[in-house]
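Written below as structure tokens is the structure these notes are about.
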Amino acid sequence: MGHVSEEQWFRTELAGRAVWKLLVKGLQLYLPGYTVTPGEVRVSARPAPFPVPVHVDGTGFGLQVRRERPRREPDREIFVRGEGGGVIGIAIAGPVAAVGSRVVDAGSLVRYARRLTYETLYDPEDADSAGPAVRAARSLQDVVLLDAESGFGLGVELDPAGGPVARLLVGLERRGADGGTGGAVRVQAYPAALPDQGVRSQN
């Protein structure tokens, strides 16, 4: 980070990005008792201790999770922005197992989000809905996945060339042990310019 503070980095690199705005919207929509502030953002190539093993590569953070049958379908909300509504973001709340991969990184999450976008917009009883659903899936640029039960999430964006970059690792910490609603959110942002780090968090 050099002489640039995390607060400065947040203001110049993250605050205006759609993936950050999508994270805030996703929390408001699905986990309204959880709050995230710029002060909870850390910028690092080495993830802090996390509920599951974490690795870092050229796309950002990736999670290693157990493959299991998801217990329920995730909730999802598709957001449209840009002139003509051509840029798509999707906020997903539910079990990370629904991604269907033991390694949940930018690539696997974006593939899952495209499929979920298509399935959400396609109506089998309306053949004309297939084209718009395909176009929306291809236009996907930002994804946020929140798994409150497991205590983590990811924020992914696509770069101008269409490559996935997982910039945000999201920790969801329940407030208190009494089962009350709400909690704290800590976010680690991965600067894409940093080299790969073969590191894992410690459980």
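The values are calculated or read from the model by the stated rules, or taken from the named source; none is laboratory data. This structure is a prediction, so every number in the text was calculated from the model and none was measured. Neighbour counts are summed over all protein chains in view; Cβ atoms, including those assigned to glycine, are modelled from backbone coordinates with ideal geometry. Just the protein is used for accessible areas: all its heavy atoms, side chains included, with ligands, DNA and RNA removed. Shrake-Rupley method; radii C 1.70, N 1.55, O 1.52, S 1.80 Å.
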Could you tell me whether any residue of the range 29-43 is crowded, with 20+ Cβ neighbours inside 10 Å, closer than 15 Å to Gln188 by Cβ, small (Gly, Ala, Ser) and at pLDDT below 90?
-> no
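Being out of contact with any Cys (no Cβ under 9 Å at 6 or more places or on another chain), among the hydroxyl-bearing types (Ser, Thr, Tyr), farther than 21 Å from Ser44 by Cβ and modelled with pLDDT under 90 is the requirement here; does Ser201 meet it? Lay out the reasoning, then the answer.
Working: out of contact with any Cys (no Cβ under 9 Å at 6 or more places or on another chain): yes; among the hydroxyl-bearing types (Ser, Thr, Tyr): yes; farther than 21 Å from Ser44 by Cβ: no; modelled with pLDDT under 90: yes.
Judged against the criteria, Ser201 is not a match.
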If only one of Val103, Val134, Val99 is free of Cβ contacts under 8 Å to residues at least 60 places away in the same chain, within 30 Å of Pro49 (Cβ to Cβ) and surrounded by fewer than 18 Cβ atoms within 10 Å (Cβ to Cβ), which one is it?
-> Val103
Out of Phe50, Phe79, Phe61, which single residue is open to solvent by 40 Å² or more (accessible area, probe 1.4 Å) and closer than 22 Å to Val110 by Cβ?
-> Phe79
1 or more residues within 26 Å of Glu40 (Cβ to Cβ), among the hydrophobic types (A, V, I, L, M, F, W, C) and modelled with pLDDT of 90 or more: qualifying strands (runs of 3 or more DSSP E) within the range 96-193 = 140-147, 152-158, 164-174
